[in-house]
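Visitor: This is the structure, below, for whatever I ask next.
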Amino acid sequence: MKMKIRPGIKRALEIVMIMIFIFFLTNSNEFEADAFNYDSLSTEVGLVALAVKNKEEKPKPVEKRVVIKKKSEPETPKSYETNNSVSVTEEGSYSGSLTGYSADCPACGGRLACINYNVYRNGVVTYPDATYGDVRIVAASRNLPCGSIVAISSPLTTEPMVAIVLDRGVGGNNLDLLVATESEAIRNIGRKKMTFNILRSGW
């Protein structure tokens, strides 16, 4: 069904359309400027939006954590608990008693506890160490591993005596020096105060 528009309304609409047309004609320059500004603004907004988007898409840098390293402390030397509650370590001087024994003593069989070697049968009181050469033989407690090298300072010699631990049967920090005969051990050594340094711990 076709709608009929009254003549008065139709005329009013035509006048309005003419006025709008005239308005656009008289203000065309402003509208073009506005349109230009709008396009420029749109471009700028688009660039800013693109930059923001790219910034958001970039992975955030990982924050670097500053780690302050503590000064490395020197390694604690290997220690051995002795029977008299003194800690024997690889560094420093340690005090004890030095005695003497021989392979021909009544309770001795002549065989060393650390190696399969009979000093009584072979008649020796030294041992050929690969590093330290010919060194004296001592008995020590299990606080010092077999093969340990010690430098003994005592009234027996003016210079420290280098010896290797090859036998057992002594307690604490004490050392028992192997000599040729029991009489020599009693006469020349007896029981003397001494200090020793550990030059090597075990083989």
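FYI, it's all coordinate maths here, none of it is from the lab. Because the structure is a prediction, the values reported are computed rather than measured. Neighbour counts run over all protein chains shown; Cβ positions are idealised from the backbone, glycine included.
Visitor: Have a look at Leu177, Thr131, Cys108 and report the one farthest towards the positive end of the charge dipole of the range 86-203, computed about the Cα centre with Cβ charges (Lys/Arg +1, Asp/Glu -1).
Guide: Cys108
Visitor: A further question follows. Mind sorting Thr126, Thr131 by how few other Cβ atoms lie within 10 Å of their own Cβ, fewest first?
Guide: Result, fewest neighbours first: Thr131, Thr126.
Visitor: Separation between the Tyr120 and Ser95 pseudo-spin-labels, each 7 Å from Cα along Cα→Cβ, expressed in nm?
Guide: 3.6
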